[in-house]
Amino acid sequence: MTDQAYNFAYLDEQTKRMIRRAILKGLAIPGYQVPFASREMPMPYGWGTGGVQVSAAVLTPEDTFKVIDQGADDTTNAVSIRTFFQRTAGVATTTSTSDATVIQTRHRIPEEALSEGQILVYQVPIPEPLRFLEPRESETRKMHSLEEYGLMHVKLYEDISRHGHIATSYAYPVKVEGRYVMDPSPIPKFDNPKLGDMAAIQLFGAGREQRIYALPPYTQVVSLDFEDHPFEASKADHPCGMCGATDSYLDELIIDDAGGRMFVCSDTDYCEARQAAGHKGKDAA
Amino acid sequence: MTPLLSVQGITKRYGAHIGCADVSFDLYPGEVMGIVGESGSGKSTLLNCMAGHLTPDAGQVVFDTRTDGPRDTITMSEPERRMLGRTDWAFVHQHARDGLRMGVSAGGNVGERLMAVGERHYGDIRAKATDWLGRVEIDASRVDDRPTTFSGGMQQRLQIARNLVTGPRLVFMDEPTGGLDVSVQARLLDLLRGLVRDMGLSAIIVTHDLAVVRLLADRLMVMKSGRVVEAGLTDQVLDDPQHAYSQLLVSSVLQV
Ligand SMILES: Nc1ncnc2c1ncn2[C@@H]1O[C@H](COP(=O)(O)OP(=O)(O)OP(=O)(O)O)[C@@H](O)[C@H]1O
Ligand SMILES: [Mg+2]
Ligand SMILES: [Zn+2]
């Protein structure tokens with residue numbers, strides 16, 4: 001049941017309209033950071049008020065909502081956000097990627113390919129990819145508007161000079177439709193290839209920094225690199241211990257006091273579905 | 001011959017206060033122009049107006065661009081002016097920290113301009129950066145060190161390498177040897193003189209130091225209260241100053 005003390009999905013209609021306008025602008029200019037007037041949400045910042053506000057603005061009563069945090073549906077963060085919209089919007093919830101119409105995520109893109117009609121909402125801590133080397137907001141805004149992105153490569157250069165290879169493994173910068181350089185939020189670079197040409201709508205919300213940006217379906221997204229150090233979507237070189245998958249992003253777990261390790265899919269829905277279909281990894285009981 | 005830079009009637013006010021007033025001169029390819037004058041005489045204001053860091057209230061700064069010939073850089077679009085700023089123009093600040101990224105390695109500092117104009121081969125960028133470190137007498141082994149670990153003189157030389165790596169045609173320098181020890185200054189001056197000669201650079205150098213202009217500048221402008229009071233060949237102005245203020249300056253009464 002919807003909690004009647006709140007408007008549908010907690011935010012008032014005027015605020016949702018303002019956020020929707022920012023989303024539409026973001027979709028019209030893929031990768032461009034649109035400022036919006038972020039609202040206080042009844043949860044800590046780290047839990048993703050940017051993502052929550054975007055979800056609140058796009059949810060309809062007919063939607064089925066899924067929340068993933070580092071690939072899992074059952075972390076405290078994921079459960080509280082799911083419960084929040086269950087209570088304030090009365091929407092159906094699910095852990096199944098294919099059953100969901102709106103998926104809010106932090107740190108991952110689901111393994112299962114998304115389809116047209118689905119919306120993926122990312123929680124973003126720092127939307128500005130140039131922030132690392134240029135702290136002045138006035139200057140980064142100018143760099144975006146004039147397409148002066150040499151500094152992004154300085155960051156990658158520093159990586160290679162220090163580590164011998166591009167060591168950036170999360171929040172790996174991308175160029176959208178040959179125009180805006182974008183921070184894809186702290187997803188592993190393994191997920192970067194999924195950003196491009198995706199059938200679903202991708203929306204990015206940063207609450208504290210008050211920015212929304214977006215990728216409409218089938219957008220070109222290219223990970224930055226050097227000719228002699230090409231981008232690689234790397235992952236741990238193991239199959240999943242539970243479902244045997246060789247194509248999924250893995251978490252490394254310590255399983256006993258002797259320091260025994262096991263690699264399992266970070267996407268719990270993907271792993272469980274494979275196990276239910278009879279796939280078995282070497283560590284499965 | 002077309003001047004590389006033609007400055008006409010540059011005036012900059014700070015409110016009612018004059019920064020610089022009605023300055024005009026031509027700079028020809030390969031020439032080095034020195035600008036001297038006491039503190040507050042408007043040297044930096046003029047330099048920053050010419051380099052596009054300040055917008056003058058009046059005047060033109062016409063630069064002979066590679067592609068389109070002479071263009072007024074004050075009325076050209078900001079993207080065009082910024083493009084000049086990282087290709088054909090270079091700016092050496094008095095304080096190296098204003099011209100360097102202190103959180104980025106020496107190689108990254110030198111490589112930035114290359115990456116800014118589209119170079120995307122790490123090995124090539126690094127090789128060029130290392131070559132330039134050598135040309136400013138910084139050991140290649142320091143390529144991955146941050147400028148915070150460098151001495152003042154090394155930082156200044158790194159700033160010069162970072163500016164010259166893209167082969168600019170015009171270098172603006174504001175007190176490039178200021179704040180350095182005398183022996184370090186001498187070495188830097190020597191280096192600058194060599195680079196200016198080898199690369200056929202044109203330069204505009206603002207300084208308090210008459211020894212700097214004696215060594216580097218072909219021509220000299222003397223400024224007072226925002227205006228140019230005397231201009232001419234360096235040796236002429238220094239050896240036979242005409243204006244009373246230049247005479248005072250040369251006789252070191254006003255030297256800081
Ligand atoms: N941002 C500013 N606002 C107001 N007045 C300024 C500003 N910058 C400079 N001035 C004034 O303009 C005049 C010229 O200053 P400028 O910095 O160009 O002199 P300068 O010859 O470079 O001096 P110095 O040798 O000390 O560097 C001075 O009277 C100075 O006080
Ligand atoms: Mg000055
Ligand atoms: Zn699995």
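The values are calculated or read from the model by the stated rules, or taken from the named source; none is laboratory data. As the structure is a prediction and not an experimental result, all values here were calculated from the model. Here the Cβ is made from the backbone with ideal geometry for all residues, glycine too, and neighbour counts use every protein chain on show. Side chains included, ligands, DNA and RNA excluded: accessible areas come from the protein's heavy atoms. Shrake-Rupley method; radii C 1.70, N 1.55, O 1.52, S 1.80 Å.
Points to keep in mind about this one:
Every residue, every condition in (1) within 14 Å of another protein chain (Cβ to nearest Cβ); (2) away from ligand 1 (no atom under 16 Å from the Cβ), yes or no:
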{"position": "B:Gly15", "(1), (2)": "no, no"}
{"position": "B:Ala21", "(1), (2)": "no, no"}
{"position": "B:Val32", "(1), (2)": "no, yes"}
{"position": "B:Gly40", "(1), (2)": "no, no"}
{"position": "B:Asn48", "(1), (2)": "no, no"}
{"position": "B:Pro70", "(1), (2)": "no, yes"}
{"position": "B:Glu78", "(1), (2)": "yes, yes"}
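- Scanning segment A:63-83 for residues that are out of contact with any helix residue (DSSP H, G or I) (no Cβ under 7 Å at 6 or more places or on another chain) and surrounded by 23 or more Cβ atoms within 10 Å (Cβ to Cβ), we see that the one that is modelled with the lowest pLDDT is A:Ala78.
- For segment A:39-58, a residue qualifies if it is open to solvent by 10 Å² or more (accessible area, probe 1.4 Å) and under 14 Å from A:Tyr10 (Cα atoms), and the qualifying residues are A:Arg39, A:Glu40, A:Met41, A:Pro42, A:Met43, A:Val58.
- Test: residue in segment A:182-191 that is touching a residue at least 12 places away in the same chain (Cβ under 8 Å) and at positive phi: yes
- Within segment B:62-100, if we keep just the residues that are within 16 Å of ligand 2 (Cβ to nearest atom) and part of a loop (DSSP other than H, G, I, E, B), the residue that is least open to solvent (accessible area, probe 1.4 Å) turns out to be B:His93.
- When we screen A:Glu227, A:Glu252 for residues that are within 14 Å of chain B (Cβ to nearest Cβ) and either within 16 Å of ligand 1 (Cβ to nearest atom) or open to solvent by 70 Å² or more (accessible area, probe 1.4 Å) (or both), the only hit is A:Glu227.
- Residue among B:Gly118, B:Gly103 that alone is at the interface with chain A (Cβ under 10 Å from one of its Cβ atoms), more than 17 Å from A:Leu224 (Cα to Cα), open to solvent by 10 Å² or more (accessible area, probe 1.4 Å) and in a loop (DSSP other than H, G, I, E, B): B:Gly103
- Inclusion of B:Leu195 among residues that are more than 14 Å from every other protein chain (Cβ to nearest Cβ) and either open to solvent by 60 Å² or more (accessible area, probe 1.4 Å) or out of contact with any Phe, Trp or Tyr (no Cβ under 7 Å at 6 or more places or on another chain) (or both) is warranted.
- The residue that is nearest to A:Gly196 (Cα to Cα), counting only those in segment A:140-162 that are open to solvent by 10 Å² or more (accessible area, probe 1.4 Å) and away from chain B (no Cβ under 11 Å), is A:His144.
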